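Undergrad: Sending over a structure as structure tokens; questions will come in a sec.
The values are calculated or read from the model by the stated rules, or taken from the named source; none is laboratory data. Here the structure is a predicted model, which is why all the values come from computation and not from measurement. Please note: Cβ atoms are built from the backbone with ideal geometry, for glycine as well, and neighbour counts cover all protein chains shown.
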Amino acid sequence: MRKILFSLMVLIGLSAEAQLKGTWTGFGQWTFKGEGEGVHCSSMTMTWSESDHEIAIEKGYFDCDLVALYLEKTSWLIQDGQLLDRDQNVVGRYDQQHFEVIMKNPEDQVQIHVQVDRVDNYYNYQETWFNSVEKIYVIKGRLFKAPSRF
């Protein structure tokens, strides 16, 4: 009985850890129209919230030398592994380890593709701003789970 209880506790712990919920910090790079090596992002921070029916980027900040990007709260509904925007349109998918969404930039014809792939205690992040002609910005990063505070 103890082995079954222990195994159940481990499985519950692993499934809880598969989520993106929490604060993540890391580093990466930002490129503009594929030019050069890109700009190093020495500090990248993102905070996610998550429930059974919704996932959200609560806030974020990418410090990339001469460029900085602030992320405001953006949320999606989760329904059968699909992500829905406010108008109930399917805009992506999420399975607690892979997050992928395409959003429109409200100011122009640019779309934003965000992809997150979770691996153990970190995730690989890629954000691509593009239009019908070209990739404009590509932001890549590796972010690690910040330790819990008591």
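Undergrad: Find all pairs meeting these conditions: Cβ atoms under 6 angstrom apart; at least six residues apart or on different chains; first residue within the stretch 96-122 and at negative phi; second residue of a type in the set (G, A, S) and at pLDDT 90 or above.
TA: E100/G92; V101/G92
Undergrad: Would you please name the residue that is surrounded by the most Cβ atoms within 10 Å (Cβ to Cβ), looking only at residues in the stretch 116-139 that are of a type in the set (A, V, I, L, M, F, W, C) and out of contact with any Cys (no Cβ under 9 Å at 6 or more places or on another chain)? I'd like the intermediate steps shown before the answer.
TA: Looking only at the stretch 116-139, we keep the residues that are of a type in the set (A, V, I, L, M, F, W, C), and these are 116, 119, 129-130, 133, 136, 138-139.
Within this subset, residues satisfying the condition of being out of contact with any Cys (no Cβ under 9 Å at 6 or more places or on another chain) are 116, 119, 129-130, 133, 136, 138.
Values: V116: 22, V119: 9, W129: 17, F130: 16, V133: 7, I136: 17, V138: 18.
Once the filter is applied, the top-ranked residue is V116.
For (1) among the β-branched types (V, I, T); (2) touching a helix residue (DSSP H, G or I) at 6+ places or on another chain (Cβ under 8 Å); (3) on the phi < 0 side of the Ramachandran plot, each residue gets a yes or a no:
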| position | (1), (2), (3) |
| --- | --- |
| G36 | no, no, no |
| V39 | yes, no, yes |
| S42 | no, no, yes |
| S49 | no, no, yes |
| D63 | no, no, yes |
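Undergrad: Continuing with the same structure: Which of the residues spanning the stretch 34-47 are in contact with a strand residue (DSSP E or B) (Cβ under 6 Å, 6 or more places away or on another chain) and over 10 Å from C64 (Cα atoms)?
TA: Within the stretch 34-47, T45, M46, T47 meet the criteria.
Undergrad: Limited to the stretch 95-113, what total is found for residues that are modelled with pLDDT of 95 or more and touching a Gly at 6+ places or on another chain (Cβ under 8 Å)?
TA: Within the stretch 95-113, residues that are modelled with pLDDT of 95 or more and touching a Gly at 6+ places or on another chain (Cβ under 8 Å) number 4.
Undergrad: Looking at (1) under 20 Å from S49 (Cα atoms); (2) surrounded by 13 or more Cβ atoms within 10 Å (Cβ to Cβ); (3) free of Cβ contacts under 8 Å to residues at least 24 places away in the same chain, which is the only condition R142 fails?
TA: Every listed condition holds for R142 apart from (3).
Undergrad: On to the next question. Is there a residue being out of contact with any Lys or Arg (no Cβ under 9 Å at 6 or more places or on another chain), under 15 Å from N121 (Cβ atoms), at pLDDT 50 or above and surrounded by 10 or more Cβ atoms within 10 Å (Cβ to Cβ) anywhere in the stretch 18-28?
TA: yes
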